[in-house]
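Visitor: For reference, the structure I am asking about is given below.
The values are calculated or read from the model by the stated rules, or taken from the named source; none is laboratory data. As the structure is a computational prediction, the values presented were derived from the model and not from experiment. All Cβ positions, glycine included, derive from the backbone under ideal geometry; neighbour counts span all protein chains shown. When the accessible area is computed, the model is the full protein with side chains, heavy atoms only, and any ligands, DNA or RNA have been set aside. Shrake-Rupley method; radii C 1.70, N 1.55, O 1.52, S 1.80 Å.
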Amino acid sequence: MERGACVGRWPEWDLAVEGESHVERTARHRRVARVCRSACPVLRECRAWGDHVRAVGEFGVVAGRVPKKTDGQGNRKRWVEVA
């Protein structure tokens with residue numbers, strides 16, 4: 001995804017940043033998800049890549065989505081849209 005809006009800014013798209021609060025993380029995820037949906041020229045390709053990746057939980061915001069637990073243990077995750 002060499003042309004992605006996130007290129008060169010990956011830490012902003014990380015799932016968690018050390019020292020940030022839940023409120024700060026949620027705000028950051030919302031901000032970068034808006035960038036994905038409004039300014040990324042490869043959104044479709046990125047979303048397709050995310051749909052086929054096996055280890056969903058290893059990534060942060062991808063194509064405006066984040067990984068969320070699907071069971072109480074956190075063993076399984078799926079992509080959900082960032083509000």
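Visitor: Taking into account only those residues within segment 64-74 that are in contact with a Lys or Arg (Cβ under 8 Å, 6 or more places away or on another chain) and outside any strand (DSSP E or B), which is modelled with the lowest pLDDT?
Guide: Filtering segment 64-74 for residues that are in contact with a Lys or Arg (Cβ under 8 Å, 6 or more places away or on another chain) and outside any strand (DSSP E or B), the one modelled with the lowest pLDDT comes out as T70.
Visitor: Also: Just to verify a result, which residue in segment 13-26, among those that are outside any loop (DSSP other than H, G, I, E, B) and closer than 22 Å to R47 by Cβ, is most open to solvent (accessible area, probe 1.4 Å)?
Guide: The qualifying residue most open to solvent (accessible area, probe 1.4 Å) is R25.
Conditions (1) open to solvent by less than 50 Å² (accessible area, probe 1.4 Å); (2) among the polar types (S, T, N, Q); (3) farther than 20 Å from R78 by Cβ; (4) within 12 Å of the chain's Cα centre (by Cα), marked per residue:
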site	(1), (2), (3), (4)
E2	no, no, yes, no
A5	yes, no, yes, no
P11	no, no, yes, yes
R28	yes, no, yes, yes
V35	yes, no, yes, yes
P41	no, no, yes, no
R47	no, no, no, yes
F59	no, no, no, yes
G64	yes, no, no, yes
